[in-house]
Amino acid sequence: ISYYFSPIFSLFISLIVWLCIPLFVKLFSFNLGILFFLCCTSLGVYAVMVAGWSSNSNYALLGGLRAVAQTISYEVSMALVLLSFVFLIGSYNILDFFYYQSYIWFVVIMFPVSLVWFCICLAETNRTPFDFAEGESELVSGFNIEYKSGGFALIFMAEYASILFMSMLFCVIFF
(Lines give C-alpha, C1' and ligand atoms only; values in the text may rest on other atoms or scores of the structure.)
Protein backbone atom coordinates (compact mmCIF):
# COMPACT_ATOMS: atom_id res chain seq x y z
CA ILE A 1 0.00 0.00 0.00
CA SER A 2 2.93 2.35 0.58
CA TYR A 3 3.92 1.78 -3.06
CA TYR A 4 0.68 3.48 -4.14
CA PHE A 5 0.58 5.97 -1.27
CA SER A 6 3.96 7.67 -1.79
CA PRO A 7 3.22 9.30 -5.20
CA ILE A 8 -0.12 10.56 -3.86
CA PHE A 9 1.60 11.91 -0.74
CA SER A 10 4.28 13.55 -2.86
CA LEU A 11 1.68 15.36 -4.97
CA PHE A 12 -0.27 16.32 -1.84
CA ILE A 13 2.81 17.91 -0.26
CA SER A 14 3.65 19.74 -3.50
CA LEU A 15 0.15 21.18 -3.69
CA ILE A 16 -0.34 22.01 -0.01
CA VAL A 17 2.82 24.11 0.04
CA TRP A 18 1.00 26.57 -2.26
CA LEU A 19 -1.07 27.63 0.75
CA CYS A 20 1.77 29.77 2.09
CA ILE A 21 1.76 32.07 -0.97
CA PRO A 22 -0.63 34.99 -0.33
CA LEU A 23 -2.43 35.20 -3.65
CA PHE A 24 -4.87 37.85 -2.44
CA VAL A 25 -3.52 40.57 -0.22
CA LYS A 26 -5.51 40.03 2.97
CA LEU A 27 -7.65 37.01 2.16
CA PHE A 28 -5.39 34.15 3.22
CA SER A 29 -2.00 34.67 4.82
CA PHE A 30 -0.02 32.64 7.35
CA ASN A 31 1.85 34.44 10.08
CA LEU A 32 4.40 31.62 9.97
CA GLY A 33 4.46 31.06 6.21
CA ILE A 34 8.23 30.58 5.96
CA LEU A 35 8.15 27.96 8.71
CA PHE A 36 5.23 26.20 7.01
CA PHE A 37 7.19 26.12 3.75
CA LEU A 38 10.25 24.63 5.44
CA CYS A 39 8.16 21.98 7.16
CA CYS A 40 6.37 20.99 3.95
CA THR A 41 9.57 20.72 1.94
CA SER A 42 11.08 18.58 4.69
CA LEU A 43 8.07 16.25 4.51
CA GLY A 44 8.66 15.68 0.82
CA VAL A 45 11.76 13.67 1.69
CA TYR A 46 9.63 10.94 3.26
CA ALA A 47 7.67 10.40 0.06
CA VAL A 48 10.88 9.87 -1.91
CA MET A 49 12.29 7.55 0.73
CA VAL A 50 9.13 5.43 0.91
CA ALA A 51 8.85 5.36 -2.89
CA GLY A 52 12.34 3.94 -3.20
CA TRP A 53 11.89 1.47 -0.36
CA SER A 54 8.45 0.16 -1.26
CA SER A 55 9.22 -0.72 -4.86
CA ASN A 56 11.30 -3.76 -3.75
CA SER A 57 14.23 -2.99 -6.00
CA ASN A 58 17.79 -2.40 -4.86
CA TYR A 59 18.31 0.19 -7.58
CA ALA A 60 15.23 2.13 -6.56
CA LEU A 61 16.27 1.98 -2.90
CA LEU A 62 19.75 3.30 -3.69
CA GLY A 63 18.29 6.00 -5.94
CA GLY A 64 15.86 6.99 -3.19
CA LEU A 65 18.61 7.22 -0.59
CA ARG A 66 20.68 9.28 -2.98
CA ALA A 67 17.80 11.67 -3.62
CA VAL A 68 17.07 11.95 0.12
CA ALA A 69 20.71 12.76 0.91
CA GLN A 70 20.79 15.43 -1.79
CA THR A 71 17.51 17.01 -0.73
CA ILE A 72 18.40 17.13 2.96
CA SER A 73 21.82 18.64 2.29
CA TYR A 74 20.38 21.46 0.17
CA GLU A 75 17.55 22.16 2.60
CA VAL A 76 20.09 23.33 5.18
CA SER A 77 21.39 26.09 2.92
CA MET A 78 17.83 26.98 1.89
CA ALA A 79 16.84 27.38 5.54
CA LEU A 80 19.87 29.58 6.20
CA VAL A 81 19.05 31.88 3.27
CA LEU A 82 15.43 32.16 4.41
CA LEU A 83 16.60 32.80 7.96
CA SER A 84 18.66 35.75 6.74
CA PHE A 85 15.49 37.26 5.27
CA VAL A 86 13.58 36.58 8.47
CA PHE A 87 16.24 38.48 10.41
CA LEU A 88 16.11 41.35 7.91
CA ILE A 89 12.33 41.67 7.82
CA GLY A 90 11.60 40.54 11.36
CA SER A 91 8.65 38.34 10.42
CA TYR A 92 7.89 34.86 9.13
CA ASN A 93 4.93 36.14 7.11
CA ILE A 94 5.47 36.05 3.34
CA LEU A 95 3.11 39.00 2.92
CA ASP A 96 5.64 41.16 4.76
CA PHE A 97 8.07 40.48 1.91
CA PHE A 98 5.73 42.47 -0.35
CA TYR A 99 5.50 45.36 2.10
CA TYR A 100 9.23 45.48 2.79
CA GLN A 101 10.10 45.66 -0.92
CA SER A 102 7.75 48.50 -1.80
CA TYR A 103 10.64 50.88 -2.58
CA ILE A 104 13.55 48.65 -3.61
CA TRP A 105 13.68 44.99 -4.57
CA PHE A 106 15.82 42.50 -2.68
CA VAL A 107 17.43 41.38 -5.94
CA VAL A 108 19.04 44.82 -6.22
CA ILE A 109 20.45 45.02 -2.70
CA MET A 110 21.14 41.29 -2.26
CA PHE A 111 22.19 40.09 -5.70
CA PRO A 112 24.67 37.41 -4.51
CA VAL A 113 22.02 35.97 -2.19
CA SER A 114 19.59 35.82 -5.10
CA LEU A 115 22.11 33.80 -7.11
CA VAL A 116 22.58 31.44 -4.16
CA TRP A 117 18.81 31.08 -3.85
CA PHE A 118 18.53 30.35 -7.57
CA CYS A 119 21.11 27.57 -7.24
CA ILE A 120 19.23 26.21 -4.22
CA CYS A 121 16.00 26.22 -6.23
CA LEU A 122 17.69 24.26 -9.00
CA ALA A 123 19.05 21.77 -6.48
CA GLU A 124 15.76 21.33 -4.62
CA THR A 125 13.80 20.70 -7.80
CA ASN A 126 16.44 18.31 -9.25
CA ARG A 127 17.15 20.38 -12.34
CA THR A 128 20.05 20.05 -14.74
CA PRO A 129 23.26 20.74 -12.83
CA PHE A 130 21.93 18.95 -9.74
CA ASP A 131 20.00 16.00 -11.21
CA PHE A 132 22.19 13.37 -9.57
CA ALA A 133 19.21 11.23 -8.58
CA GLU A 134 17.94 10.94 -12.17
CA GLY A 135 20.92 11.37 -14.47
CA GLU A 136 20.20 10.65 -18.13
CA SER A 137 23.57 8.99 -18.65
CA GLU A 138 22.79 6.36 -16.03
CA LEU A 139 21.05 3.10 -16.68
CA VAL A 140 18.52 3.51 -13.89
CA SER A 141 16.41 6.56 -13.28
CA GLY A 142 16.53 6.87 -9.50
CA PHE A 143 13.80 6.06 -7.01
CA ASN A 144 11.01 5.97 -9.61
CA ILE A 145 12.37 3.12 -11.70
CA GLU A 146 9.61 0.67 -10.75
CA TYR A 147 6.72 3.11 -11.17
CA LYS A 148 4.52 2.99 -14.25
CA SER A 149 1.65 5.08 -15.67
CA GLY A 150 -0.35 6.57 -12.78
CA GLY A 151 2.32 6.55 -10.08
CA PHE A 152 4.94 7.84 -12.50
CA ALA A 153 2.60 10.62 -13.62
CA LEU A 154 1.85 11.60 -10.01
CA ILE A 155 5.55 11.73 -9.14
CA PHE A 156 6.32 14.02 -12.05
CA MET A 157 3.24 16.16 -11.46
CA ALA A 158 4.56 16.68 -7.93
CA GLU A 159 8.00 17.54 -9.27
CA TYR A 160 6.68 20.08 -11.76
CA ALA A 161 4.35 21.60 -9.16
CA SER A 162 7.42 22.04 -6.98
CA ILE A 163 9.24 23.75 -9.85
CA LEU A 164 6.37 26.19 -10.32
CA PHE A 165 6.19 26.88 -6.60
CA MET A 166 9.92 27.54 -6.26
CA SER A 167 9.74 29.94 -9.22
CA MET A 168 6.82 31.74 -7.60
CA LEU A 169 8.65 31.90 -4.27
CA PHE A 170 11.74 33.32 -6.00
CA CYS A 171 9.59 36.11 -7.44
CA VAL A 172 7.89 36.77 -4.10
CA ILE A 173 11.14 36.91 -2.15
CA PHE A 174 13.28 38.93 -4.54
CA PHE A 175 10.86 41.08 -6.60
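Points worth noting:
- Any chance residue 38 is over 13 Å from the mean Cα position of the chain (by Cα), over 22 Å from residue 147 (Cα atoms) and in a helix (DSSP H, G or I): no
- Within the option set 22, 7, being modelled with pLDDT under 95, surrounded by 15 or more Cβ atoms within 10 Å (Cβ to Cβ) and not in a helix (DSSP H, G or I) holds for one residue only, 22.
- Check on residue 140, modelled with pLDDT of 95 or more, among the hydrophobic types (A, V, I, L, M, F, W, C) and surrounded by 15 or more Cβ atoms within 10 Å (Cβ to Cβ): no
- When the helices (runs of 4 or more DSSP H) confined to region 62-152 are screened for residues that are touching a residue at least 12 places away in the same chain (Cβ under 8 Å) and of a type in the set (A, V, I, L, M, F, W, C), those reaching at least 3 such residues are found at 95-100, 111-124.
- Any hit, region 153-165, residues being surrounded by fewer than 17 Cβ atoms within 10 Å (Cβ to Cβ), within 21 Å of the chain's Cα centre (by Cα) and among the hydroxyl-bearing types (Ser, Thr, Tyr): yes
- Set 146, 134, 75: member being among the charged types (D, E, K, R), at pLDDT 85 or above and under 30 Å from residue 4 (Cα atoms): 75
- Hits in region 110-129 (condition: surrounded by fewer than 17 Cβ atoms within 10 Å (Cβ to Cβ) and at pLDDT below 90): 127, 128, 129
- Among residues of region 47-58 that are modelled with pLDDT under 90, those with a Cβ under 7 angstrom from a residue that is among the charged types (D, E, K, R), sequence gap 6+ or separate chain, pair up as 55/146; 57/146.
The values are calculated or read from the model by the stated rules, or taken from the named source; none is laboratory data. Everything quoted here is computed from the prediction, not taken from an experiment. Note: ideal-geometry Cβ built from the backbone for every residue, glycine included; neighbour counts use all protein chains shown.
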